[in-house]
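Asks: First the structure, then my questions, so here it is.
What follows draws every value from the coordinates through simple rules; no lab data is involved. Not measured: the values here are computed from a predicted model. Here the Cβ is made from the backbone with ideal geometry for all residues, glycine too, and neighbour counts use every protein chain on show.
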Amino acid sequence: MRKIVIAGNWKMYKNQAESLKFVQEFKSEIEDTAEEREIILCAPFTSLTVMSKNLHGSRVKLGAQNVHWELEGAYTGEISGEMLTEIGVDYVVIGHSERRQYFGETDETVNLRLKAAQKYKLKPILCVGETKEQRDAGETENIIINQLKKGLLEIDQSNLIIAYEPIWAIGTGDTCKSTEANRVIGVIRQQLDNKDISIQYGGSVKPGNIDEIMAQPEIDGALVGGASLEAANFARIVKYQ
Ligand code: PGA
């Protein structure tokens, strides 16, 4: 059975005090949300410990935004899966386009990070998506199929979430049409051995478009950036109709 998963990706926003304030507000806002919806907050590393303590016993799960493939070592600036699970993190975003674009993330490093996440019992959210130029050149399907093929090499498909995030729709307000997102997510599902993997849409998801996005049959959830930074906004997204 495909699970509904709504995740907030805070990127490099919110210090500990701001994160705590959000958690306190958000917990009360989402109390009456339908039971079967998984709710995740992917926060900066510095906020994870305080959030873990304050989310204890709530239905909101915690995610990180990166994980290294080694258990430990001389990897300045990186973090290991064991360090994340120790503080109560359950999910991790891997291969976000901002990591690929600004920090040299490749399909090969994405693959290593996915393996490490699974090894340390974190559930990875693998991001794939095309640029505007690739879309205009008619390469959307090829790009995504290639990202999946390389990223998912020897990956256990029973512990995985995928997010389709067209890069031109991220942070731009320019949402992909819900029918088009549905079509591409259908293409992604065709590539997978496990058809029950939850596949999210991400890119300018807001309270105003979430209902339409979630009405699409192939779309199992959303990965939300900007609109997840404010508790009332993200609560409305989680409580889509
Ligand atoms: P956005 O970001 O919702 O601000 O477009 C989405 C993402 O980067 O995951």
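Asks: Tell me what the chain gives for mean residue ellipticity at 222 nm when only DSSP H runs of n ≥ 4 count, each as -39,500 (n - 2.57), the sum divided by the residue total, rounded to 500 deg cm²/dmol.
Replies: Details: 10 runs with 94 residues, N = 241.
Helices in the chain give a 222 nm mean residue ellipticity of -11000 deg cm²/dmol.
Asks: Cross-link candidates for K121: which aspartates and glutamates have Cα within less than 12 Å, leaving aside residues fewer than 8 places away along the same chain?
Replies: Answer for K121, where 12 Å is the Cα cut-off: E82, E86, D90, D156, listed by chain and number.
Asks: Loop sites only, by DSSP: take the trypsin sites (Lys or Arg not before Pro) in the chain that have at most 14 other C-beta atoms within 10 Å and name the longest stretch containing none of them.
Replies: 60-120
Asks: Could you work out which residue, out of A34, A227, A137, moves most in a Gaussian network model of the chain, that is, has the largest mean-square fluctuation with Cα springs under 10 Å?
Replies: Judging by the Gaussian network model, the answer is A137.
Asks: Near the amide H of A64, under 5 Å away, which other amide H atoms are found, from residues 5 or more places off or on another chain, if H is placed in the peptide plane?
Replies: The answer is Y91, V92, V93.
Asks: Per residue, how big is the convex hull of the stretch 16-84 when only Cα atoms are used? Give it in Å³.
Replies: Details: hull volume 6.4 nm³, N = 69.
Convex hull volume per residue, Cα atoms: 93 Å³.
Asks: Whole angstrom only: what separates the Cα centroid of the stretch 82-156 from the Cα centroid of the stretch 1-73?
Replies: The stretch 82-156 and the stretch 1-73 have Cα centres separated by 19 Å.
Asks: Arrange W168, W10 by Cβ neighbour counts within 10 Å, fewest through most, would you? Please report the intermediate quantities before stating the final value.
Replies: Details: W168 19, W10 22.
Ascending number of Cβ neighbours within 10 Å: W168, W10.
Asks: Also: In whole Å, largest first, what are the principal axis extents of the Cα atoms in the stretch 4-238?
Replies: 46, 45, 30
Asks: Let me have the relative contact order for the stretch 4-238, percent, based on Cα pairs under 8 Å that are six or more residues apart.
Replies: 21 percent
Asks: Hey, what do the phi angles of the stretch 185-199 turn into as Karplus ³J(HN,Hα) couplings, whole Hz, using 6.51/-1.76/1.60 and θ = phi - 60°, x for Gly and Pro?
Replies: Taking θ as phi minus 60°, the curve returns 5, x, 4, 4, 4, 4, 7, 8, 6, 8, 6, 8, 5, 6, 10 Hz for the stretch 185-199.
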